[in-house]
1. Looking at (1) part of a loop (DSSP other than H, G, I, E, B); (2) open to solvent by less than 40 Å² (accessible area, probe 1.4 Å); (3) over 28 Å from E3 (Cβ atoms); (4) not hydroxyl-bearing (S, T, Y), which is the only condition W101 fails?
2. Do we find a residue being open to solvent by 60 Å² or more (accessible area, probe 1.4 Å), assigned to a strand (DSSP E or B), of a type outside the set (F, W, Y) and farther than 30 Å from V218 by Cα anywhere in segment 115-134?
3. Is it the case that V10 is within 20 Å of the chain's Cα centre (by Cα) and more than 18 Å from W171 (Cβ to Cβ)?
4. When you scan segment 73-84, how many residues do you find that are crowded, with 18+ Cβ neighbours inside 10 Å and touching a Lys or Arg at 6+ places or on another chain (Cβ under 9 Å)?
5. Just checking, how many residues over segment 172-211 are in a helix (DSSP H, G or I), over 20 Å from T77 (Cβ atoms) and either among the acidic types (D, E) or in contact with a His (Cβ under 9 Å, 6 or more places away or on another chain) (or both)?
6. I'd like to verify a number: residues in segment 139-191 that are surrounded by fewer than 16 Cβ atoms within 10 Å (Cβ to Cβ), among the basic types (K, R) and in contact with a strand residue (DSSP E or B) (Cβ under 8 Å, 6 or more places away or on another chain), how many?
7. How about segment 1-85: which helices (runs of 4 or more DSSP H) wholly inside it have at least 2 residues that are in contact with a Phe, Trp or Tyr (Cβ under 6 Å, 6 or more places away or on another chain) and without any contact (Cβ under 8 Å) to a residue 60 or more places away in the chain?
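The values are calculated or read from the model by the stated rules, or taken from the named source; none is laboratory data. All values derive from a computational prediction rather than experimental measurement. Because the Cβ atoms are built from the backbone with ideal geometry, glycine has one as well, and the counts that use them run over all protein chains shown. These accessible areas exclude ligands, DNA and RNA; they are computed on the full protein's heavy atoms, side chains included. Shrake-Rupley method; radii C 1.70, N 1.55, O 1.52, S 1.80 Å.
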Amino acid sequence: MGERIRVGIVGAAPDRGWAARAHVPALRALPDYVITAVGTTREESAREAARAFGAEHAFTDVRRLAEHDEVDLVAVTVKVPAHARLVRAAIEAGKHVYCEWPLALTSEEAASLAGLADRAGVRHAVGLQARHAPEIRHARELVGAGRVGRVTSATVYAARGKGAGARIPAWAAYTLDHRNGAGTLEVAAGHTLDALEYLLGAISELSARLSVQRPRYVVEESGEEIAATGPD
(Lines give C-alpha, C1' and ligand atoms only; values in the text may rest on other atoms or scores of the structure.)
Protein backbone atom coordinates (compact mmCIF):
# COMPACT_ATOMS: atom_id res chain seq x y z
CA MET A 1 0.00 0.00 0.00
CA GLY A 2 1.28 3.50 -0.83
CA GLU A 3 1.32 6.47 1.46
CA ARG A 4 -1.98 7.14 3.19
CA ILE A 5 -3.88 10.43 2.85
CA ARG A 6 -3.58 12.30 6.14
CA VAL A 7 -6.85 13.94 7.19
CA GLY A 8 -7.52 16.84 9.51
CA ILE A 9 -11.15 17.09 10.65
CA VAL A 10 -12.59 20.51 11.55
CA GLY A 11 -15.60 20.20 13.83
CA ALA A 12 -14.52 16.92 15.39
CA ALA A 13 -16.60 17.04 18.57
CA PRO A 14 -16.18 13.57 20.11
CA ASP A 15 -19.77 13.25 21.37
CA ARG A 16 -21.95 14.65 18.57
CA GLY A 17 -22.07 15.88 14.98
CA TRP A 18 -21.32 14.44 11.56
CA ALA A 19 -17.64 13.88 12.27
CA ALA A 20 -18.26 11.43 15.11
CA ARG A 21 -21.32 9.85 13.47
CA ALA A 22 -20.11 9.48 9.90
CA HIS A 23 -16.68 10.77 8.91
CA VAL A 24 -14.55 9.13 11.59
CA PRO A 25 -16.09 5.64 11.18
CA ALA A 26 -15.77 5.92 7.38
CA LEU A 27 -12.15 7.09 7.46
CA ARG A 28 -11.22 4.37 9.93
CA ALA A 29 -12.72 1.77 7.60
CA LEU A 30 -10.73 2.98 4.57
CA PRO A 31 -7.12 1.72 4.42
CA ASP A 32 -5.91 4.66 2.30
CA TYR A 33 -6.74 7.31 4.93
CA VAL A 34 -5.53 8.16 8.43
CA ILE A 35 -6.83 10.84 10.80
CA THR A 36 -3.84 12.89 11.92
CA ALA A 37 -5.45 16.08 13.25
CA VAL A 38 -8.71 17.33 14.72
CA GLY A 39 -10.02 20.80 15.40
CA THR A 40 -12.75 22.23 17.63
CA THR A 41 -13.43 25.67 19.10
CA ARG A 42 -12.17 24.78 22.59
CA GLU A 43 -8.77 23.41 23.58
CA GLU A 44 -10.25 20.91 26.03
CA SER A 45 -12.65 19.40 23.48
CA ALA A 46 -9.94 19.36 20.82
CA ARG A 47 -7.64 17.31 23.06
CA GLU A 48 -10.54 15.03 23.97
CA ALA A 49 -11.37 14.50 20.29
CA ALA A 50 -7.75 13.71 19.51
CA ARG A 51 -7.74 11.03 22.20
CA ALA A 52 -11.09 9.61 21.10
CA PHE A 53 -10.25 9.47 17.40
CA GLY A 54 -6.58 8.55 17.65
CA ALA A 55 -5.28 11.79 16.12
CA GLU A 56 -1.81 13.01 17.00
CA HIS A 57 -2.56 16.73 16.71
CA ALA A 58 -5.33 18.89 18.23
CA PHE A 59 -6.14 22.47 17.19
CA THR A 60 -8.49 25.34 17.95
CA ASP A 61 -7.14 27.40 15.01
CA VAL A 62 -8.22 25.99 11.64
CA ARG A 63 -5.43 27.80 9.82
CA ARG A 64 -2.79 26.07 11.93
CA LEU A 65 -4.50 22.72 11.30
CA ALA A 66 -4.63 23.32 7.55
CA GLU A 67 -1.02 24.45 7.36
CA HIS A 68 0.34 21.50 9.34
CA ASP A 69 2.81 19.33 7.44
CA GLU A 70 0.99 16.14 8.48
CA VAL A 71 -2.37 17.17 6.97
CA ASP A 72 -3.07 16.51 3.28
CA LEU A 73 -6.87 16.82 3.30
CA VAL A 74 -9.12 19.02 5.44
CA ALA A 75 -12.66 17.78 6.19
CA VAL A 76 -15.07 20.56 7.20
CA THR A 77 -17.96 19.19 9.29
CA VAL A 78 -19.30 22.22 11.16
CA LYS A 79 -22.45 24.34 10.81
CA VAL A 80 -23.02 25.95 7.41
CA PRO A 81 -22.39 29.62 8.33
CA ALA A 82 -18.73 28.78 9.10
CA HIS A 83 -18.10 26.72 5.95
CA ALA A 84 -16.79 29.50 3.70
CA ARG A 85 -14.18 30.74 6.16
CA LEU A 86 -12.91 27.25 6.96
CA VAL A 87 -12.87 25.99 3.37
CA ARG A 88 -11.03 29.12 2.29
CA ALA A 89 -8.39 28.55 4.98
CA ALA A 90 -7.80 25.00 3.73
CA ILE A 91 -7.53 26.09 0.10
CA GLU A 92 -5.16 28.95 0.93
CA ALA A 93 -2.96 26.43 2.74
CA GLY A 94 -2.83 24.42 -0.49
CA LYS A 95 -4.69 21.45 1.01
CA HIS A 96 -7.37 19.29 -0.54
CA VAL A 97 -10.78 19.86 1.04
CA TYR A 98 -13.99 17.93 1.67
CA CYS A 99 -16.93 19.98 2.94
CA GLU A 100 -20.27 18.84 4.26
CA TRP A 101 -23.32 19.91 2.27
CA PRO A 102 -24.42 22.69 1.81
CA LEU A 103 -21.08 24.19 0.79
CA ALA A 104 -22.05 27.79 1.62
CA LEU A 105 -24.88 30.12 2.58
CA THR A 106 -25.41 31.42 -0.96
CA SER A 107 -24.77 30.30 -4.53
CA GLU A 108 -22.41 33.25 -5.02
CA GLU A 109 -20.36 32.26 -1.99
CA ALA A 110 -20.20 28.65 -3.19
CA ALA A 111 -19.13 29.67 -6.70
CA SER A 112 -16.38 31.84 -5.23
CA LEU A 113 -15.03 28.91 -3.20
CA ALA A 114 -15.14 26.57 -6.20
CA GLY A 115 -13.24 29.10 -8.29
CA LEU A 116 -10.65 29.58 -5.56
CA ALA A 117 -10.12 25.82 -5.30
CA ASP A 118 -9.77 25.43 -9.07
CA ARG A 119 -7.18 28.19 -9.25
CA ALA A 120 -5.25 26.64 -6.36
CA GLY A 121 -5.22 23.28 -8.10
CA VAL A 122 -6.50 21.33 -5.11
CA ARG A 123 -8.97 18.47 -5.05
CA HIS A 124 -12.32 19.52 -3.62
CA ALA A 125 -15.64 17.82 -2.92
CA VAL A 126 -18.93 18.40 -1.12
CA GLY A 127 -20.94 15.77 0.75
CA LEU A 128 -23.61 14.98 -1.83
CA GLN A 129 -23.32 11.25 -1.38
CA ALA A 130 -26.57 10.04 -2.97
CA ARG A 131 -24.87 9.75 -6.37
CA HIS A 132 -22.52 7.14 -4.91
CA ALA A 133 -25.34 4.83 -3.75
CA PRO A 134 -25.29 1.54 -5.72
CA GLU A 135 -28.97 1.93 -6.65
CA ILE A 136 -28.49 5.43 -8.06
CA ARG A 137 -25.35 4.46 -9.97
CA HIS A 138 -27.12 1.44 -11.47
CA ALA A 139 -30.11 3.55 -12.48
CA ARG A 140 -27.77 6.03 -14.18
CA GLU A 141 -26.15 3.19 -16.13
CA LEU A 142 -29.57 1.93 -17.27
CA VAL A 143 -30.61 5.42 -18.41
CA GLY A 144 -27.30 6.06 -20.14
CA ALA A 145 -27.47 2.74 -22.00
CA GLY A 146 -30.99 3.48 -23.22
CA ARG A 147 -32.44 0.53 -21.33
CA VAL A 148 -35.51 2.56 -20.33
CA GLY A 149 -35.92 4.30 -23.69
CA ARG A 150 -35.84 8.06 -24.21
CA VAL A 151 -36.59 9.79 -20.93
CA THR A 152 -39.14 12.56 -21.49
CA SER A 153 -40.17 13.31 -17.92
CA ALA A 154 -39.49 12.40 -14.32
CA THR A 155 -41.53 12.68 -11.15
CA VAL A 156 -39.76 12.83 -7.79
CA TYR A 157 -41.63 12.58 -4.52
CA ALA A 158 -39.70 13.23 -1.32
CA ALA A 159 -41.19 13.48 2.16
CA ARG A 160 -38.77 14.84 4.68
CA GLY A 161 -39.72 16.89 7.70
CA LYS A 162 -38.68 17.58 11.28
CA GLY A 163 -41.06 14.96 12.66
CA ALA A 164 -44.73 14.95 13.52
CA GLY A 165 -44.35 16.70 16.86
CA ALA A 166 -43.61 20.32 17.65
CA ARG A 167 -40.48 19.59 19.69
CA ILE A 168 -36.91 19.60 18.42
CA PRO A 169 -33.59 18.66 20.07
CA ALA A 170 -31.25 21.54 20.88
CA TRP A 171 -28.58 20.41 18.43
CA ALA A 172 -31.03 20.72 15.51
CA ALA A 173 -32.72 23.96 16.55
CA TYR A 174 -30.41 26.11 14.41
CA THR A 175 -31.75 24.44 11.26
CA LEU A 176 -35.10 26.21 11.75
CA ASP A 177 -33.58 29.64 11.04
CA HIS A 178 -33.33 30.27 7.29
CA ARG A 179 -30.28 32.49 7.84
CA ASN A 180 -28.24 29.41 8.76
CA GLY A 181 -28.75 27.71 5.38
CA ALA A 182 -29.27 24.26 6.88
CA GLY A 183 -33.01 23.65 6.73
CA THR A 184 -35.14 21.14 4.87
CA LEU A 185 -34.92 23.15 1.65
CA GLU A 186 -31.14 23.46 1.59
CA VAL A 187 -30.20 20.02 2.92
CA ALA A 188 -32.89 17.50 1.96
CA ALA A 189 -33.90 19.21 -1.28
CA GLY A 190 -30.26 19.69 -2.23
CA HIS A 191 -29.49 16.00 -1.82
CA THR A 192 -32.62 15.01 -3.75
CA LEU A 193 -32.03 17.39 -6.65
CA ASP A 194 -28.39 16.37 -6.94
CA ALA A 195 -29.42 12.73 -7.32
CA LEU A 196 -31.96 13.75 -9.97
CA GLU A 197 -29.37 15.73 -11.94
CA TYR A 198 -26.87 12.87 -11.69
CA LEU A 199 -29.45 10.57 -13.27
CA LEU A 200 -30.98 12.82 -15.94
CA GLY A 201 -28.84 15.92 -16.44
CA ALA A 202 -28.90 19.54 -15.37
CA ILE A 203 -32.10 21.34 -14.40
CA SER A 204 -32.56 24.30 -16.76
CA GLU A 205 -35.67 25.94 -15.32
CA LEU A 206 -37.29 25.97 -11.90
CA SER A 207 -40.64 27.04 -10.53
CA ALA A 208 -41.17 26.53 -6.81
CA ARG A 209 -43.58 27.30 -4.02
CA LEU A 210 -42.31 27.31 -0.44
CA SER A 211 -44.09 27.50 2.88
CA VAL A 212 -43.57 27.22 6.62
CA GLN A 213 -46.13 24.69 7.80
CA ARG A 214 -45.06 24.67 11.46
CA PRO A 215 -43.95 28.17 12.54
CA ARG A 216 -43.17 27.42 16.22
CA TYR A 217 -41.13 24.67 17.91
CA VAL A 218 -40.18 23.87 21.49
CA VAL A 219 -36.58 22.95 22.29
CA GLU A 220 -36.59 19.55 24.02
CA GLU A 221 -33.95 20.22 26.64
CA SER A 222 -34.87 23.76 27.69
CA GLY A 223 -38.57 24.07 26.92
CA GLU A 224 -37.83 27.32 25.06
CA GLU A 225 -40.24 28.19 22.24
CA ILE A 226 -38.53 29.30 19.02
CA ALA A 227 -39.70 30.50 15.62
CA ALA A 228 -39.15 28.54 12.41
CA THR A 229 -38.37 30.77 9.43
CA GLY A 230 -36.97 28.17 7.04
CA PRO A 231 -39.49 26.53 4.68
CA ASP A 232 -40.35 22.96 5.65
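1. In the conditions (1) part of a loop (DSSP other than H, G, I, E, B); (2) open to solvent by less than 40 Å² (accessible area, probe 1.4 Å); (3) over 28 Å from E3 (Cβ atoms); (4) not hydroxyl-bearing (S, T, Y), W101 misses (2) alone.
2. For segment 115-134, residues open to solvent by 60 Å² or more (accessible area, probe 1.4 Å), assigned to a strand (DSSP E or B), of a type outside the set (F, W, Y) and farther than 30 Å from V218 by Cα: present.
3. For V10, the condition - within 20 Å of the chain's Cα centre (by Cα) and more than 18 Å from W171 (Cβ to Cβ) - is not met.
4. Adding up the residues that qualify gives 2.
5. Adding up the residues that qualify gives 2.
6. Result for segment 139-191: 1.
7. 24-29
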